[in-house]
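Reading through the structure tokens given below for one structure.
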């Protein structure tokens, strides 16, 4: 990049502001100033940092888990997640885990790793002499308690929270692009949080723990109902830890929880009526975009979001959307449903804009073979100034029925650095000297060239390749 272009990019960064992107007014948690944030890209760095935080914990470790392979090994010799948590409990820490309970899961997702709290799971805990405390929480109609969060030393001055979408399985922990050939690989993201917003993650855990669906059911708690009772809601905010404004947003199904106790400094929220603040935040942020939108998600299945993307493209906004090259089975199945045709027509319209790129990532080999890297991350970046990271898929059930947790932040320096890190991984290109629009144009150019390379079975430049929106999942 020329010196003049570097200066222009630097000027764009200095002038960048997230003030045009609104926070969500109808949410359990307000926008909190004064936070430290650290994006953790991919499972190995994420669980390395989580392991460090758990080892340093002084009082408590609380976790929400959806999918888990109890044999998956964490980095740095920590063993399994149960090994890590049991060592914390052995030090006298208050260790609590909220597991999703869905006994019918294996009927619809036979390859999923799940710790549903059945007789075999409870016997396994008994054999280990497990000292952690657990409750199981379910939703009706097979919907998922999909939050993935960690709160270390809740309510203490050193409180740390982690929010994201990474499942606890071996393929999610291995670094994308570096696993042995033929090994399934997954790209995902977590976000470390310190400061007042961590108190909101604390509040969310307390609300769910106290009203966990199976807390009074046989086998719905470990080891028994008397050993780990109800928790008190946080009474004060964590002290400021940095310069970043953050808002915690959620999806909560109506009728699932009832206690409307407000988070410190917030207002009581009628949680019995449900919450859809993640969707509201996505639509507000996309609607406010002026320059660029970069999204990564396991799904592109929300008509409202696709409409918002089309409106942004019509305003001239550069858009890149990274998805799994192997579309989710539910997406493929929906292609066969006549009632879903309207949605796929919307998706196809996005491809008519030259400045829209639908893409996936894969590791390539000299012999012309490719190992798809499954995009499981759930994030969006707007104008190099705002981003959201969490557990929420861009899909109707994630926005309305599954229980989800996201953290959104307003901080150009942090968002720009995350964009550079993601594109360096996906493109093999350092975009530090690019502004946001030039970076997404470079993404499009490389991805489109890589799509041509795949036709002739050539190695890719980086990982990303373009997909035709009209044919995706067909």
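Since every read-out is calculated from the coordinates, none of them should be taken as a lab result. All figures in this text were calculated on a predicted structure; none of them were measured in a lab. Cβ atoms come from the backbone with ideal geometry, glycine included; neighbour counts cover every protein chain shown.
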Report task. Let me know the shape class of region 58-107, please: from the alpha-carbon gyration tensor, a ≥ b ≥ c as square roots of the eigenvalues, rounded when a/c is under 1.5, otherwise prolate if a/b is greater than b/c, or oblate. Result -> oblate
Query raised in the report: When 402, 224, 188, 200 are ordered from fewest to most other Cβ atoms inside 10 Å of their Cβ, what list results?
Result: 224, 402, 188, 200
Query - Percent RCO, i.e. relative contact order, over the chain, from Cα pairs under 8 Å lying at least 6 residues apart - result: 19
Query - Sum of -39500 (n - 2.57) over DSSP H runs of 4+, divided by residues of the chain (222 nm, nearest 500) - result: -9500 deg cm²/dmol
Query raised in the report: For 80, 71, what's the fewest-to-most ordering of other Cβ within 10 Å of each Cβ?
Result: 71, 80
Query raised in the report: Quick one: helix 303-314 against the long Cα principal axis of the chain, what's the angle to the nearest 10°, folded into 0 to 90?
Result: 30
Query - Global geometry of region 32-231, whether rounded, prolate or oblate, following the gyration tensor of its Cα atoms and the 1.5 cut on a/c - result: rounded
Query raised in the report: For labels at residue 156 and residue 417 in the simple 7 Å Cα→Cβ model, what's the distance in nm?
Result: 2.5
Requested in this report: Mind pulling the angle between the C-alpha long axis of helix 43-56 and the longest principal axis of the chain? Nearest 10 degrees, somewhere in 0 to 90.
Outcome: 30
Report task. Rounded to the nearest Å, what's the spacing between the alpha carbon centres of region 362-390 and region 449-468? Just the number, please. Result -> 14
Report summary line: Row for region 212-264, column shape: gyration tensor on C-alpha, a ≥ b ≥ c, rounded if a/c < 1.5 i.e. under 1.5, prolate if a/b over b/c, else oblate; value prolate
Report task. Note the angle between two axes, namely the Cα long axis of helix 81-90 and the longest principal axis of the Cα atoms of the chain, as a number of degrees from 0 to 90, rounded to the nearest 10. Result -> 40
**Report entry** Relative contact order (%) - region 32-231, alpha-carbon pairs under 8 angstrom, separation at least six
**Finding:** 31
Query raised in the report: If each residue's Cβ is checked for other Cβ atoms within 10 Å, how do 21, 160 rank with the fewest at the top?
Result: 21, 160
